[in-house]
Structure formats: structure tokens, C-alpha cells
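The values are calculated or read from the model by the stated rules, or taken from the named source; none is laboratory data. Just so it is clear, the structure is predicted and the values come from calculations on it, not from any experiment. In this analysis, Cβ positions are derived from the backbone assuming ideal geometry, glycine residues included, and neighbour counts consider all displayed protein chains.
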Amino acid sequence: MNAQHLTLVTSVKGLIEAHREGKIASLIGVEGGHSLGNSLGVLRTFYGLGARYLTLTHACDTSWAVCSVGETNNTQDSTPGLSEFGKAVVRELNRLGMLVDLSHVSTRTMRAALQTTRAPVIFSHSAARALCNSTRNVPDDVLRNLAKNGGVAMIPFYTYFITCNSTATIKDVIAHINHIRKVAGIDHVGIGAGFDGINFTPTGLEDVSRYPQLLATLLEDPAWTEDDIKKLAGLNLLRVFAKVEQVRDEWHRAAVLPVEKISPPDNSACVYGAS
């Protein structure tokens, strides 16, 4: 039955075809770089099996990237957000044509990844830190750099990332959308609800059937046009994915080789509470 509604896609072309056929396009993502076991070979295997984005960390640090857990908003930490191996992971993602996902990473890892990548990145489910002071959200300076990078920040519906407590409304979500639009621009904001992993949702946005209400409410604001809504609802992500594929193809034509001459860290464990 699911095959009637869902289809696995691995490319922009596949996404467009799925939409044309009225199906939901499903992308495989790997949420957490600890899954690589410090192996670029494993990363390539994930790509070969159909994965098209990697979240650099989940709720734990790796030996090469730092997660948001344990980071404090007033921390002035000079520790690099990415080790040399971590930078190699980002470059290999660029070479393969996989999206770099910066949700869950620390602020310094966000900044380091944006300095390293040659393709646009995504925040698959992160809101604006200026409106909810959580380290899972994106500060304004990073949003400005995201715009320069060409990437997109996708707003989650988990209330603790929207209002920093257990309750929120559609208007609260819209406030985050508008803030990111103001700071980064309309081309750099999207929706990343995360319904599969949350237990608190804004009133009126309890499930996917409520998306039309969100978009209709936005259209009540004269600042929003139908073209803007299309960008928010998916075209921005599609553009980013297309650019990631373009970088991959350019590197292929330039015969850029896989990253090999770098020693992986000895410790591949998922480290909790070390940020």
C-alpha cells in the first residue's frame, strides 16, 4: 500500500517526477555522523545504498564534530568545530553529492562547516535562536552566512525549539519563518516539521494535514506571495539539492579524487556530555 503513496528518490529529477505523479518523495538521511565509525568508506557505502544527506552529529559528539548538547549560549569556546577529519567528511559529502545537514551541531561546528563546504548546506529541522534561545537553533550570524552559502534553514514544529516550552501556536511558528526570512532572505527558509520524532506540537499543527492552514495563514500577510509560499514549501530545498548535484558534477568533470590521505581518529564512539 505504501508504494502507492511513497517513492524512494535519490536525485532532484526523482523528486520532480514523484511530485508529477502525485507521490510523496522519500529521501534517505543518516542522522548522526557517529554512524560512519570514522570511515569515509562507510560514507561512500551509505551513498551507494541511496542516502542523500548526513546530519554531522546527533545528540552526541564525535571525535571530529561537536553537537549542540551541553553547549551554553554564553560559551566562548575556541575548540575547533570540525577536526581535519571532520573537514574531510564535509568535502567528501560535496564530492559525492550528499547534502550537509547542520541541525544538531554546535554553533562552532555550524561555522566551521560553512567555512569548509563548497556546496549549499541545510538545517533540516532548526529554528531561530533569536526567538528561542536553544543551542539547537541557529543564531543570526550563522543565518547570514547561510544566505551567502546559498543554503536553507527548515523550521521544526517541536514546541521546545519554537517557544522553549511545551506550548506553541501557528503564529509562533510563523514568527520563526518570518525572522529567518528577514535575516537570511526568502530563498533560505523552509519547513522541517520533524513529526516522526516529537511529542509536543503547536496548536493547529498537530500533523501533516494542517500544512494548508499554515500556508493559508501566511498568505493573509501581504508580504507573502504565492511564489514565496512555493519556495518555503519545497522549492528552496529543491534548489539547494540541485546545486549540490551541480557541485558534484563539476568536481567529477575536474577529476577530483576521493579523500584518502587523512588518518581517521582512533575513537569512533558517540560521546555524550562532552561539548
Quiz item: So which residues in segment 170-199 are of a type outside the set (Gly, Ala, Ser), modelled with pLDDT under 95 and outside any helix (DSSP H, G or I)?
Solution: 198, 199
Quiz item: Just to be sure, is residue 144 in contact with an Asp or Glu (Cβ under 9 Å, 6 or more places away or on another chain), in a helix (DSSP H, G or I), closer than 27 Å to residue 162 by Cβ and not small (Gly, Ala, Ser)?
Solution: no
Exercise. Would you point out the residue of segment 154-177, among those that are polar (S, T, N, Q) and surrounded by 18 or more Cβ atoms within 10 Å (Cβ to Cβ), that is farthest from the chain's Cα centre (by Cα)?
Key: 163
Practice problem: Give me a count of the residues in segment 189-204 that are over 14 Å from residue 137 (Cβ atoms), surrounded by 18 or more Cβ atoms within 10 Å (Cβ to Cβ) and out of contact with any Leu (no Cβ under 6 Å at 6 or more places or on another chain). | Solution: 4
Quiz prompt | Close pairs (9 angstrom Cβ cut-off, 6 or more residues apart or separate chains): modelled with pLDDT under 80 and small (Gly, Ala, Ser) in segment 59-85, surrounded by 18 or more Cβ atoms within 10 Å (Cβ to Cβ) and assigned to a strand (DSSP E or B) anywhere | solution = 70/61
Practice problem: Select from segment 118-174 the residues that are more than 30 Å from residue 92 (Cα to Cα) and hydrophobic (A, V, I, L, M, F, W, C) and list them in ascending order. | Solution: 130, 131, 132, 157, 161, 162, 164, 168, 170, 173, 174
Quiz item: Within segment 208-228, is even one residue in contact with a strand residue (DSSP E or B) (Cβ under 6 Å, 6 or more places away or on another chain) and either in a helix (DSSP H, G or I) or touching a residue at least 24 places away in the same chain (Cβ under 8 Å) (or both)?
Solution: no
Quiz item: For residue 42, all conditions in the list (1) over 26 Å from residue 190 (Cα atoms); (2) touching a residue at least 24 places away in the same chain (Cβ under 8 Å) hold save one; what is the number of the exception?
Solution: (2)
Practice problem: Check residue 186 against each of (1) touching a Ser or Thr at 6+ places or on another chain (Cβ under 8 Å); (2) within 26 Å of residue 238 (Cα to Cα) and name the one condition it does not meet. | Solution: (1)
Quiz prompt | Selection count, segment 143-153, where residues are within 13 Å of the chain's Cα centre (by Cα) and farther than 16 Å from residue 243 by Cβ | solution = 1
Quiz item: Quick check: anything in segment 27-49 at pLDDT below 95, in contact with a strand residue (DSSP E or B) (Cβ under 8 Å, 6 or more places away or on another chain), part of a strand (DSSP E or B) and not basic (Lys, Arg)?
Solution: no
Quiz item: Does residue 97 qualify as being of a type outside the set (Ser, Thr, Tyr), within 17 Å of the chain's Cα centre (by Cα) and at pLDDT below 95?
Solution: no
Exercise. Mind counting the residues in segment 102-141 that are of a type outside the set (Ser, Thr, Tyr), buried (at least 22 other Cβ atoms within 10 Å of the Cβ) and part of a helix (DSSP H, G or I)?
Key: 3
Exercise. Taking only segment 229-251 into account, find how many residues are free of Cβ contacts under 8 Å to residues at least 24 places away in the same chain and β-branched (Val, Ile, Thr).
Key: 1
